[in-house]
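Report on one structure; see the data block that follows.
Quick note: the coordinates plus some simple rules give every number you see, no bench work behind them. All values reported here derive from a predicted model rather than from experimental measurement. Positions of Cβ are generated from backbone atoms using ideal geometry, with glycine treated the same way; all protein chains shown enter the neighbour counts.
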Amino acid sequence: MPLDIVHSTCPHDCPSTCALEVERLGPSTIGKVHGARDNDYTAGVVCAKVARYAERQHHPDRLTRPLRRVGAKGIGIGAFEPMSWPDALDEVAEKLTAAAERHGAEAVWPYFYAGTMGLVQRDGIDRLRHAMGYSREKETICVALSDAGWLAGVGVKRGVDAREIADSELIVMWGGNPVATQVNVMTHISRARKERGAPFVVVDPYRTGTAAVADRHLMLRPGTDGALACAVMHVLFKEGFADWDYMNRYADAPKELEAHVESRTPEWAAAITGLSVEEIVDFARLYGRTRRSFIRVGYGFSRSRNGASNLHAVTCLPTVTGAWRHRGGGALYSNGGLYPIDRTLIKGLDVLDRSTRLLDQSRIGPILTGDRRDLGDGPPVTALFIQNTNPMSVCPDLAKVRQGFMRDDLFTCVHEQFMTDTAAMADIVLPATTFLEHDDVYIAGGHTYIQVARKVVEPPGEARPNHWVVCELARRLGAKHPGFAMSEWQIIDATLRASGLPDAETVHAKHWHDCALDFDGMHFLDGFGTPDKRFHFKADWSRVGSNHAGMPSLPDHYAVIDAPDALHPFRLVTAPARQFLNSSFTETPGSRRREQRPTVLIHGEDAEGLGIGEGDRVRVGNRQASIVVHARRFDGLQRGVAVIESIWPNGAFEEGLGVNALVSAEAAQPNGGAVFHDTAVWVRPA
Ligand SMILES: Nc1nc2c(c(=O)[nH]1)N[C@H]1C(S)=C(S)[C@@H](COP(=O)(O)OP(=O)(O)OC[C@H]3O[C@@H](n4cnc5c(=O)[nH]c(N)nc54)[C@H](O)[C@@H]3O)O[C@H]1N2
Ligand SMILES: Nc1nc2c(c(=O)[nH]1)N[C@H]1C(S)=C(S)[C@@H](COP(=O)(O)OP(=O)(O)OC[C@H]3O[C@@H](n4cnc5c(=O)[nH]c(N)nc54)[C@H](O)[C@@H]3O)O[C@H]1N2
Ligand code: SF4
Ligand SMILES: [Mo]
């Protein structure tokens, strides 16, 4: 019998949003997962962890029934007993109603993120929130810093089509690790390298899988990209690589920028970045000589207190050389803002009251422990309804997050596929479907397709989609909105029609629909997204965030990072692990085996000086917390830099708290954002 191959879309929180071909072996069983060959972005490739998705889909630990906690918080599945769906939903609705009656609706905080990127299953929780007047969520954990940095210069969240990387003559991966985090970028880079010998440069504090295959690796200190970008621009202006014709037409203040970077010499930047003057000058010349240069802007280097400023500085480079105007030239951070999606129905924007308080998702620790900087004179949060995210693992200042979840007066409901660290803190856990078990519509950060995917197999046991749970709760809570009476498919179809896109059947039948603009649009030749249509070298930070005091307007090294000192001599980077996706896939044996155990990479000479041998147990700490991990000596980073690839579950650490215990919950400028790679620490033998 021929294999039954069904089209789908990877829903995970990854810019690739791969078009998939899933082997269906039976009504509720899948085999291998492949990348769609006929999609010219996915081009037949998916990452290893999704190729073996059957491991996650059919995992014996998938949640299959609603559960009520009868034992202590944080223990796991042994502390729960099964209950029926009607009882579970009734109880959740009663608890949310009681919290709202006691302290007002803002005491309830529906809390979510991007466990699935499907618009209906991910964002439907907002419709319930807005219909009930519950506290809003400020989404800061991933893109707040990078969005701010990109929007300050470019003005709209889109960039050059990633498929053009194949036409580039130089590709720079700046602060991202696509070999691990969005493998398809590498497909297009490989074509440019093969077909025209385009050099590939990586800017990253350590030798990642991506840096290891690059032609050049600029291995700078974390949080110093603004200095590197300024020195590159210094050389571009000084050595005649600047495209004045382009800048005069398309930029705001090229003369001011030229004068400003005059003093930002390669020597100045070398002292800040730890790179050599030659490395900086050689890279600047290579970049200046090449018109078709493509900067693939990663998220990683934005996750610092000066991250927005640094990201803006990098986006100035293609504007100085005019690379934007050439095929294969320019930059891409994300195409999230490319799609003309009308989200009113999905998110219930028509019933949103903008005066409802907005709570910062990355500050869930301070919020749950009653920090008045977040709560103002509003009520405490006494009820959480969580979908698609695992804050007990992924959020900054984990000790505080745990302290908050431990509160006796807090009611928590978690809708999950697995008994995560967060689910283990819940009073009621509801079993969730995977993307293979429900319908949804997907846009992407890394390409230009919109995709509609239908359910492929039946869910295990009583697992139910997010949309279903949201609608059932809405009914019990008395929430009013037409979206609660529609199916996923009806919402997808109505949303596509309202957005002026082909209907759901049409997109589904062709598998995807390309939303790319024409060449001039993708290259901003008809203007940037700023009010005056020019690229802004001079960032008006007040346009993208309210907390901008002290931020440099022209690109610079903004020295507000958690700088090392005598007591904390290392700068810690907590980069994503290749076989995990945030905290997802930490449950699959194939991923666990390959990642082995939580490990800190430090330079051999640093290890030597501290008396730390290969594989030794070491303690890594700062004022906030300390954790025990194993050391690996590694020469692919500067001295004084430490890397712990993450995000392991708390139980993988000896003392029960993971790496985010070390990370600060401070909200970065100008619009919030978690500073995962901006932590000064000490390292000692344990
Ligand atoms: N395998 C895997 N894939 C993933 C994820 C995962 O956890 N694992 N996470 C997904 C998510 S949610 C996202 S947002 C994307 C993120 O994907 P990326 O854009 O790759 O961004 P990050 O993963 O945050 O950071 C990547 C790199 O940034 C580097 N970096 C840290 N600080 C600095 C700095 O100051 N300067 C420079 N130049 N580089 C720095 C780190 O060393 C790391 O190699 O990946 C997605 N894909
Ligand atoms: N140290 C450190 N911490 C980080 C980062 C880092 O680089 N370093 N990266 C940060 C970034 S960029 C991000 S985006 C966050 C992400 O952190 P999270 O949002 O927590 O992402 P995941 O760990 O993938 O968790 C998503 C959860 O959603 C569940 N899920 C998936 N699909 C569905 C569904 O359809 N329904 C329901 N109900 N649940 C579903 C999964 O089982 C999983 O447990 O982590 C951040 N934390
Ligand atoms: S590369 Fe990203 S989008 Fe593609 S299959 Fe892997 S996790 Fe999913
Ligand atoms: Mo993210």
Fill in the blank from the handout: Taking a straight Cα-to-Cα line shorter than 25 Å from residue 194, and setting aside same-chain lysines fewer than 8 residues away, one finds none
Problem - For segment 570-685, radius of gyration divided by Kirkwood radius, i.e. Rg to Rh on alpha-carbons - result: 0.96
Practice task
Report the Stokes-Einstein translational diffusion coefficient (µm² s⁻¹, integer) for the chain, Rh taken as the Kirkwood radius over Cα pairs, at 10 °C with viscosity 1.306 mPa s.
Solution key: 62 µm²/s
Handout entry: Surrounding net charge for residue 255, when Lys and Arg each add one and Asp and Glu each subtract one, Cβ distance under 15 Å
Key = -2
Problem - Gained length - residue 68 relative to residue 654, 0.36 nm times residue gap less alpha-carbon distance - result: 208.2 nm
Exercise for the section: Measure off 7 Å from each Cα along the Cα-to-Cβ vector at residue 61 and residue 101, then give the distance between these two points in nanometres to one decimal. Expected result: 3.8 nm
Exercise for the section: Work out how much length residue 549 to residue 40 would gain on full extension: take 0.36 nm times their residue separation and subtract the Cα-Cα distance, in nm to one decimal. Expected result: 178.8 nm
Fill in the blank from the handout: Surpassing 23 Å at the alpha-carbon level, of the pairs 157/347; 255/533; 49/400; 157/538, are 49/400
Completion exercise
If the chain between residue 29 and residue 635 were fully extended at 0.36 nm per residue, the gain over the current Cα-Cα distance would be 213.7 nm
Problem - segment 386-433 versus segment 32-76: alpha-carbon centroid distance in Å - result: 19 Å
Practice task
Set Lys and Arg Cβ to +1 and Asp and Glu Cβ to -1, take the dipole of segment 405-553 about its Cα centre, and tell me which of 432, 501, 547 lies farthest positive.
Solution key: 547
Practice task
Please find the FRET efficiency linking residue 372 to residue 349, where r is the Cβ-Cβ separation and R0 is fixed at 30 Å, and quote it to the nearest 0.05.
Solution key: 0.50
Exercise for the section: Classify segment 482-532 as rounded, prolate or oblate, taking a ≥ b ≥ c as the square roots of the eigenvalues of its Cα gyration tensor: rounded when a/c is under 1.5, otherwise prolate if a/b is larger than b/c and oblate if not. Expected result: oblate
Practice task
Using only the Cα atoms of segment 620-686, build the gyration tensor, take square roots of its eigenvalues as a ≥ b ≥ c, and label the shape rounded, prolate or oblate: rounded if a/c is under 1.5, else prolate if a/b is larger than b/c, else oblate.
Solution key: oblate
Exercise for the section: Starting from the Cα gyration tensor of segment 41-166, take the square roots of the eigenvalues, sort them a ≥ b ≥ c, and report rounded, prolate or oblate (rounded when a/c is under 1.5, otherwise prolate if a/b is larger than b/c, else oblate). Expected result: oblate
Handout entry: Computed magnitude of the charge dipole of segment 531-686 (debye, nearest 20; Cβ of K, R +1, Cβ of D, E -1)
Key = 360 debye
Exercise for the section: Towards the positive end of the charge dipole of segment 349-390, with charges on Cβ (+1 Lys, Arg; -1 Asp, Glu), say which of 351, 388, 362 has the farthest Cα. Expected result: 362
Practice task
Could you work out the per residue convex hull volume over the alpha carbons of segment 475-579, in cubic angstrom?
Solution key: 335 Å³
Fill in the blank from the handout: By the mean-Cβ-within-10 Å protection proxy, highest first, 234-242, 468-476 rank as 468-476, 234-242
Handout entry: Residues residue 239 and residue 259, FRET efficiency given R0 of 22 Å [Cβ-Cβ distance, rounded to 0.05]
Key = 0.85
Problem - Estimated [θ] at 222 nm from DSSP helical runs (n ≥ 4, -39500 (n - 2.57)) normalised by residues in the chain, nearest 500 - result: -8000 deg cm²/dmol
Problem - segment 459-522 - charge dipole about Cα centre, Lys and Arg +1 at Cβ, Asp and Glu -1, debye rounded to 20 - result: 500 debye
Exercise for the section: List the relative contact order of the chain as a percent without decimals, with contacts defined as Cα pairs under 8 Å and 6+ residues apart. Expected result: 20 percent
Practice task
Quick one: dipole size for the chain, taken about the Cα centre, charges +1 on Lys/Arg Cβ and -1 on Asp/Glu Cβ, in debye to the nearest 20.
Solution key: 460 debye
Problem - Over segment 536-636 - Rg/Rh using Cα atoms and the Kirkwood inverse-distance radius - result: 1.10
Fill in the blank from the handout: Taking alpha-carbon centroids only, segment 612-638 lies from segment 270-308 a number of Å equal to 28 Å
Handout entry: Per-q log10 I(q)/I(0), segment 153-300, q = 0.10, 0.17, 0.21 Å⁻¹ (Debye; single scatterer per alpha-carbon; no solvent)
Key = -0.35, -1.04, -1.45
Exercise for the section: Find how many whole Å separate the alpha carbon centroid of segment 127-178 from the alpha carbon centroid of segment 488-555. Expected result: 10 Å
Fill in the blank from the handout: Surrounding charge for residue 657, neighbours by C-beta under 11 angstrom, Lys/Arg +1, Asp/Glu -1, total -2
Practice task
Set the Förster distance to 35 Å, then compute FRET efficiency between residue 514 and residue 490 from the Cβ-Cβ distance, nearest 0.05.
Solution key: 0.90
Fill in the blank from the handout: Unpartnered Cys in the chain, judged by a 4.7 Å Cβ-Cβ cut-off, are 14, 47, 142, 230, 316, 395, 413, 471, 515
Problem - Label point distance in nm, residue 525-residue 278, each placed 7 Å from Cα along Cα→Cβ - result: 4.0 nm
